[in-house]
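A.B. asks: Just passing along the structure, written as structure tokens.
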Amino acid sequence: MTKLTETQTLILSRASQQADRIALPLPDRLRGGAANKVIVPLIQKGFLDEVEADIRKGEPTWRKTGDGHGITLVITGAGLEAIGVEPVMSEPEQTTPKPRAGTKQAMLIEMLEAPDGASIAEIAKATKWLPHTIRGAISGALKKRLGLTITSEKIEGRGRTYKIAS
């Protein structure tokens, strides 16, 4: 079993008892830098996941993004196992989360689902993102958060193209 501090165990235990698995609110004494020192290692170990908060439903936020959205913390299957709780897949967890329609992430997924995939240059032109942002979105949002399998191949005349494996 993974070595956790008393506070980390408390946070994961509270989250495991919530129907929505949200790990917020944090204990009252945990604020600012102290909260980061406790939470960031849990995220890095894959015990907590940062997901977009549904502010309309009143979900608590861990941090705000630059575009006015909030991020909340949700315990993962690995987090449940770390505290000795058997992970049970509920219906929402079994399906791949879909981004909101009309977002750049949705546009990126649509481009990568095309039979020929898309190159970084093509994605940059469509989304107005810089290449490092595109690679980060593919690696972080699509691969890690959504669990999609992304393949790439070098095509003469187009460069490296990426697509979602079927």
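A.B. asks: Which condition breaks for Pro87 when tested against (1) modelled with pLDDT of 80 or more; (2) in a loop (DSSP other than H, G, I, E, B); (3) touching a helix residue (DSSP H, G or I) at 6+ places or on another chain (Cβ under 6 Å)?
C.D. replies: With respect to (1) modelled with pLDDT of 80 or more; (2) in a loop (DSSP other than H, G, I, E, B); (3) touching a helix residue (DSSP H, G or I) at 6+ places or on another chain (Cβ under 6 Å), Pro87 is out only on (1).
A.B. asks: Let me ask another. Can you say whether Leu10 is modelled with pLDDT of 90 or more and in contact with a helix residue (DSSP H, G or I) (Cβ under 9 Å, 6 or more places away or on another chain), as far as the supplied structure shows?
C.D. replies: No; evaluated as a whole, the condition is false for this residue.
A.B. asks: Further, regarding this structure: Yes or no: region 13-21 includes at least one residue that is closer than 17 Å to Thr76 by Cα, more than 19 Å from the chain's Cα centre (by Cα) and not in a loop (DSSP other than H, G, I, E, B).
C.D. replies: yes
A.B. asks: How many residues are of a type in the set (Val, Ile, Thr) and in contact with a Gly (Cβ under 8 Å, 6 or more places away or on another chain) if we restrict to region 107-150?
C.D. replies: 1
A.B. asks: Filter region 22-67 for residues that are in contact (Cβ under 8 Å) with a residue 24 or more places away in the chain, part of a loop (DSSP other than H, G, I, E, B) and within 23 Å of Glu6 (Cα to Cα) and give the result.
C.D. replies: Ala23, Leu24, Pro25, Lys45, Gly46, Phe47, Pro60, Thr61, Trp62
A.B. asks: Additional query: All but one of (1) part of a loop (DSSP other than H, G, I, E, B); (2) small (Gly, Ala, Ser); (3) under 19 Å from the mean Cα position of the chain (by Cα) hold for Gly157, so report the exception by its number.
C.D. replies: So the condition that Gly157 fails would be (3).
The values are calculated or read from the model by the stated rules, or taken from the named source; none is laboratory data. Everything quoted here is computed from the prediction, not taken from an experiment. Reconstructed Cβ throughout: ideal geometry from the backbone, glycine too, with neighbour counts over all protein chains shown.
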